[in-house]
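Read through the structure below, which is laid out as structure tokens, and then see the notes.
The values are calculated or read from the model by the stated rules, or taken from the named source; none is laboratory data. Keep in mind it's a predicted model, so treat the numbers as computed, not measured. A quick note on method: Cβ atoms are made from the backbone with ideal geometry, for glycine too, and the neighbour counts reach across all protein chains shown. Note: accessible area is taken over every heavy atom of the protein model, side chains too, but ligands, DNA and RNA are not part of it. Shrake-Rupley method; radii C 1.70, N 1.55, O 1.52, S 1.80 Å.
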There are 2 protein chains.
Amino acid sequence: MSYLPVKQLLQTEPGQTVTVKGWVRTKRESKNAVFVAINDGSTIHTIQAVAEAGFLPDETLRLITTGACVAITGELVPSQGAGQAVEVKITEVHIYGPADPEKYPLQPKRHSLEFLREIAHLRPRTNTFSAILRIRHALAFAVHKYYNDNGFYYLNTPIITASDAEGAGEMFRVSTLDPINPPRTEDGKVDYSQDFFGRETNLTVSGQLEGELGALALGKIYTFGPTFRAENSNTTRHLAEFWMIEPEMAFFELEDNMNLAEDFVKSVIRYALEHCADDLAFLENRLKEEEKTKKKEEQSEMTLIEKLRFVVDNDFERLTYTDAVEILRNSKPAKKGQFQYEVGWGIDLQSEHERYLVEKHFKKPVILTNYPRAIKSFYMKQDESTTAPGPTVRAMDVLFPGIGEIIGGSQREDDLEKLTTRMAEVGIEEEAIWWYLDTRRFGSAPHSGFGLGFERLVLFVTGMSNIRDVIPFPRAPKSAEF
Amino acid sequence: MSYLPVKQLLQTEPGQTVTVKGWVRTKRESKNAVFVAINDGSTIHTIQAVAEAGFLPDETLRLITTGACVAITGELVPSQGAGQAVEVKITEVHIYGPADPEKYPLQPKRHSLEFLREIAHLRPRTNTFSAILRIRHALAFAVHKYYNDNGFYYLNTPIITASDAEGAGEMFRVSTLDPINPPRTEDGKVDYSQDFFGRETNLTVSGQLEGELGALALGKIYTFGPTFRAENSNTTRHLAEFWMIEPEMAFFELEDNMNLAEDFVKSVIRYALEHCADDLAFLENRLKEEEKTKKKEEQSEMTLIEKLRFVVDNDFERLTYTDAVEILRNSKPAKKGQFQYEVGWGIDLQSEHERYLVEKHFKKPVILTNYPRAIKSFYMKQDESTTAPGPTVRAMDVLFPGIGEIIGGSQREDDLEKLTTRMAEVGIEEEAIWWYLDTRRFGSAPHSGFGLGFERLVLFVTGMSNIRDVIPFPRAPKSAEF
């Protein structure tokens with residue numbers, strides 16, 4: 001290429017003729033000169049291009065407006081102003097595409113996140129969203145790098161599936177049948193045998209079951225792909241389409257699984273700290289401004305980067321669900337009746353309980369283990385003997401400040417009889433996942449795995465508060481634009 | 001972890017006590033000893049464990065059968081046999097999970113690929129499929145590494161979409177409406193306003209249009225995700241669900257696009273050559289055996305690895321569609337009437353034509369450019385003036401031996417008026433992709449991109465001939481098991 005991205009230009013020695021290609025962020029005119037700030041998405045920073053007053057034809061100057069796309073050639077010189085080492089002394093300007101200031105929605109002023117969600121096709125051109133997307137990229141790359149470096153194989157589990165791994169979760173139906181007059185069976189149901197796949201199919205809610213097939217052949221695998229939930233919940237924490245990372249490891253027991261989860265999540269956050277310093281600094285400032293609008297007691301005690309360093313530098317607290325329930329029952333909010341949901345052994349811990357443990361009691365990430373069997377999935381390994389009040393499974397949830405559950409996993413039940421007995425109890429037919437059961441029939445092995453919702457990780461690292469702001473084109477109820 | 005994967009064990013100095021965990025591939029008994037070959041998926045190789053005859057209890061020996069999962073502890077000693085440096089002198093055997101030889105389908109003999117497709121949940125335990133999946137992983141990682149190293153940002157374009165990027169291609173409908181009695185509008189159509197997303201939605205056929213939004217903000221982006229085609233074609237080249245890589249770059253013109261495509265595909269193949277030597281050697285031998293069953297004239301002139309090196313080491317031939325048509329018209333097969341489809345300017349080149357150019361005429365990968373506008377998509381940049389017999393676009397297809405088109409791309413039309421005129425000609429409504437047009441309204445820039453079907457790349461690198469054998473769980477008409 002005959003030009004350098006802004007990121008490289010800003011680190012180039014002055015004294016040569018260069019061409020900048022990018023979009024105008026701002027134009028400022030003084031009595032003696034015109035200053036144009038250009039960004040090309042390669043970095044949060046702009047490069048400044050300067051021309052003496054009168055140098056540029058009026059026709060050109062008129063077209064240099066926020067959002068216009070330009071190629072500017074000139075000498076790279078030491079910058080007079082603060083904040084940048086070099087700037088471009090303009091000799092030539094080419095306008096690729098103007099941006100009519102009357103119509104272009106992204107003017108140099110603060111836009112609300114709500115407004116920007118409506119123009120998700122343009123919001124990556126803002127500082128906030130370009131920073132988020134660059135960090136999202138860095139985290140995704142860190143995920144692949146971590147698993148590759150540690151001997152895992154990337155396994156693409158199917159998106160269209162005839163099985164429901166979680167046994168729960170509303171699913172999206174995938175079909176090519178005539179939607180008005182689908183073929184019917186004799187008893188009046190839709191005849192899916194005539195559908196594209198010859199059966200009823202849905203979008204996957206998890207690649208775990210297929211991931212286990214991979215682990216019980218290749219040893220250590222991970223998935224990183226889209227998953228889907230057709231839940232009609234319009235919250236700041238849920239998406240209908242989101243990306244999930246699911247490692248599965250043969251010969252890993254619960255303890256190994258916890259070690260991996262902690263090392264993994266620390267490693268990718270450390271990668272972001274090392275590779276996204278500028279973007280994180282920008283988002284840290286953004287968060288500071290946002291925090292100022294909050295009540296004192298709701299403001300965070302730590303800045304964004306302090307929070308990330310804190311996670312990376314500290315051991316996660318590990319305790320059983322049973323011990324956590326004891327702590328919660330003896331907690332101030334429990335005694336004062338401040339929890340909305342009463343705490344007792346067997347309940348599914350609510351967000352308020354998780355946040356108390358993480359943010360108030362331990363003040364660091366927490367790994368809860370050995371949950372009651374009744375509130376967890378059929379495939380989790382049953383504990384042999386415990387002092388808990390009821391049967392438990394070797395589950396583990398990693399809880400993060402502000403986010404709640406960021407990772408959910410378990411050792412998997414590898415005993416065919418225990419597994420099928422549990423399936424019968426919860427009403428899952430063996431024929432539906434005969435292939436899954438085959439791995440327990442032939443060469444069964446202890447194994448474990450977990451899932452991490454990628455957008456929750458991006459949410460945590462960027463300090464954003466609405467999950468729709470950390471994925472390029474969010475999918476939610478009544479929302480599939482772009 | 002208290003044990004090492006087989007891959008590391010085989011490179012460990014003898015003299016220490018180790019534990020091997022994995023699946024028995026074979027057991028061989030001689031008068032004096034029993035030899036067990038164990039594989040754990042970390043490598044194509046097995047590690048041999050040896051016990052003197054009589055050392056293992058009969059009950060244990062009986063359970064050491066092909067497919068059983070074991071942990072074997074013993075001293076790592078220099079191997080007596082050929083083919084491996086070290087072996088394990090057994091002191092202890094633990095059977096995690098047996099595999100009844102009467103029932104376990106993967107016995108140590110040659111299974112047909114057709115049979116293995118029916119047990120896709122177990123086929124990763126075979127040498128062929130574990131090799132393919134490890135290579136698939138290496139290629140996927142090489143893709144991410146290449147783009148990360150070159151300043152691209154990974155962009156997750158939506159899977160569920162209301163738009164059809166190609167303007168063609170059968171799509172899968174995504175819905176949560178009652179399939180039997182969907183709500184209807186007054187004129188009797190399905191009332192999609194009541195569907196989950198408030199409109200009709202489908203699975204994406206390409207992330208390109210959204211990718212362009214990213215490139216025109218972040219500069220250089222790439223996608224790597226699943227795409228879908230509901231085409232009822234049961235061939236060895238098509239899948240209903242496959243993974244696609246789609247880079248989009250601002251300020252790249254056709255020439256830059258070609259340079260990137262060639263450098264990219266060479267780079268990832270080179271990565272596989274460097275990182276998957278053992279697996280490629282295994283698949284090369286497999287292919288040699290397969291070739292022996294073919295007629296002499298159908299046998300490949302090069303081995304698998306020679307073919308890969310050839311692609312990496314040679315410049316791709318670049319020529320226009322118009323020049324290619326001339327070559328084809330003057331070719332022997334054309335003159336002898338051996339082409340099934342007649343060649344003339346304006347036709348969509350068929351597989352037989354592409355293969356002639358690549359395999360017979362140039363004997364290397366070919367990049368064809370400047371195709372007739374009529375046979376290409378609306379979004380491709382129109383050529384200004386050419387000597388071609390009709391209007392052309394700045395398209396480029398990369399053709400590979402044995403595979404045909406492996407990459408298709410173009411410079412994109414950045415002129416709003418030309419774009420909308422072309423859309424009107426081919427019947428695409430502006431309202432359907434108003435957001436796409438916005439990028440030409442505001443700050444339009446020259447830009448380019450291409451798409452590479454990941455499975456076609458894996459097919460080429462592994463030397464397999466059916467695309468269903470290079471994705472873990474293939475989706476095809478009447479086939480969505482696992």
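A compact table of results
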quantity: Among (1) more than 13 Å from every other protein chain (Cβ to nearest Cβ); (2) in contact with an Asp or Glu (Cβ under 7 Å, 6 or more places away or on another chain); (3) in a loop (DSSP other than H, G, I, E, B) - the single one B:Gly451 does not satisfy; calculated: (3)
quantity: Qualifying residue in the range B:141-161 (condition: more than 10 Å from chain A (Cβ to nearest Cβ) and either under 19 Å from B:Leu239 (Cα atoms) or at pLDDT below 95 (or both)); calculated: no
quantity: Single unsatisfied condition, A:Gly449 versus (1) open to solvent by 10 Å² or more (accessible area, probe 1.4 Å); (2) within 25 Å of B:Ile119 (Cα to Cα); (3) small (Gly, Ala, Ser); calculated: (1)
quantity: Residue match in the range B:461-482 (condition: touching a Pro at 6+ places or on another chain (Cβ under 8 Å) and of a type in the set (Lys, Arg)); calculated: yes
quantity: Enumerated helices (runs of 4 or more DSSP H) restricted to the range A:206-325, each holding at least 1 residues that are out of contact with any His (no Cβ under 7 Å at 6 or more places or on another chain) and modelled with pLDDT under 95; calculated: A:277-292, A:304-313
quantity: Count - residues of the range B:423-448 that are part of a loop (DSSP other than H, G, I, E, B) and away from chain A (no Cβ under 14 Å); calculated: 3
quantity: The lone exception for B:Val426 - which of (1) within 25 Å of B:His238 (Cβ to Cβ); (2) more than 25 Å from the chain's Cα centre (by Cα); (3) modelled with pLDDT of 95 or more it fails; calculated: (3)
quantity: All positions within the range A:255-282 that are open to solvent by 20 Å² or more (accessible area, probe 1.4 Å), closer than 14 Å to A:Val312 by Cβ and in contact (Cβ under 8 Å) with a residue 60 or more places away in the chain; calculated: A:Ser267, A:Tyr271, A:His275
quantity: Matching residues in the range A:75-105 - criterion: being aliphatic (A, V, I, L, M), assigned to a loop (DSSP other than H, G, I, E, B) and either within 14 Å of another protein chain (Cβ to nearest Cβ) or under 13 Å from A:Val36 (Cα atoms) (or both); calculated: A:Ala99
quantity: Single residue of A:Asp191, A:Asp149, A:Asp195, A:Asp187 found to be buried (at least 20 other Cβ atoms within 10 Å of the Cβ) and of a type in the set (D, E, K, R); calculated: A:Asp195
quantity: Qualifying residue in the range A:421-430 (condition: open to solvent by less than 30 Å² (accessible area, probe 1.4 Å) and on the phi > 0 side of the Ramachandran plot); calculated: no
quantity: Out of A:Ser193, A:Ser233, A:Ser206, sole residue that is hydroxyl-bearing (Ser, Thr, Tyr) and without any contact (Cβ under 8 Å) to a residue 12 or more places away in the chain; calculated: A:Ser193
quantity: The range A:109-129, residues that are in a helix (DSSP H, G or I) and over 21 Å from A:Ala37 (Cβ atoms); calculated: A:Leu113, A:Glu114, A:Phe115, A:Arg117, A:Glu118
quantity: Some residue of the range A:300-312 being open to solvent by less than 60 Å² (accessible area, probe 1.4 Å) and in contact with a strand residue (DSSP E or B) (Cβ under 6 Å, 6 or more places away or on another chain); calculated: no
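For every residue, the table says whether it meets (1) in contact (Cβ under 8 Å) with a residue 60 or more places away in the chain; (2) in a loop (DSSP other than H, G, I, E, B); (3) within 32 Å of the chain's Cα centre (by Cα).
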position: A:Thr12; (1), (2), (3): yes, yes, no
position: A:Arg62; (1), (2), (3): no, no, no
position: A:Thr66; (1), (2), (3): no, yes, yes
position: A:Thr73; (1), (2), (3): no, no, no
position: A:Gln107; (1), (2), (3): no, yes, yes
